[in-house]
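Single-structure report; data block below.
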Amino acid sequence: GGPRHNDNTPLFFAIEKQNELNTAREEINRLASMLGDAESEKQEAFDAMEEMRQKMEEANARLLRYEKLGMKAARPQHNNSASSSYGPFRGIGSGSSYSSAPRGSVADFRPQASSGHDSVVNLEYLKNVMLSYLKARTLAERRKLVPVIGTVLCLTPEEQAQAVDSVEQSAGLGGVASSFWENLESK
């Protein structure tokens, strides 16, 4: 009976190793499933966080718009020159100083200081910028005014990109033709 017992031992070990291998495969599959679930939860949390960030950015932009347009209760300004100086737009216009430009003219992008009514100043500024945009004769002029409008309206980066796309799309073939003529005239 000795030799027969030795013949069964390798078969027994092979079956035992096969069972261990199956157990290991099941554990790997279980862990892979848990990892997939964790990755899904992580992605959902990231998406939710991104959505909340976007909502917060939009809410902050709305708040800034309300404050600029005077929809919030008036509050005293400590530095009137800072609240009425629009840095990116200095130098736009006829080349004369802002104070010598006629009040309300399109060239007067920076409104005159008002007597504590920031909302009136901001609304006047918005009006002037919009009139300039509407009177712009070239696509290039409109493109240059989109960031100005975006700043005045406190647009989010996504909203500003949408505005630029809209200007580009509204130009169509007419915009391509006018850009072509603008380039020829500038040479």
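We did not get these values from a lab; they are worked out from the coordinates using the rules stated. Keep in mind it's a predicted model, so treat the numbers as computed, not measured. We place every Cβ from the backbone using ideal geometry, glycine too, and count neighbours over all the protein chains shown.
Candidates Leu69, Leu64: the one that is in contact (Cβ under 8 Å) with a residue 12 or more places away in the chain and in contact with a helix residue (DSSP H, G or I) (Cβ under 7 Å, 6 or more places away or on another chain) is Leu69. Can you work out which of the residues in the stretch 124-156 that are touching a residue at least 40 places away in the same chain (Cβ under 8 Å) and within 18 Å of Gly172 (Cβ to Cβ) is surrounded by the most Cβ atoms within 10 Å (Cβ to Cβ)? Within the stretch 124-156, the match that is surrounded by the most Cβ atoms within 10 Å (Cβ to Cβ) is Leu139.
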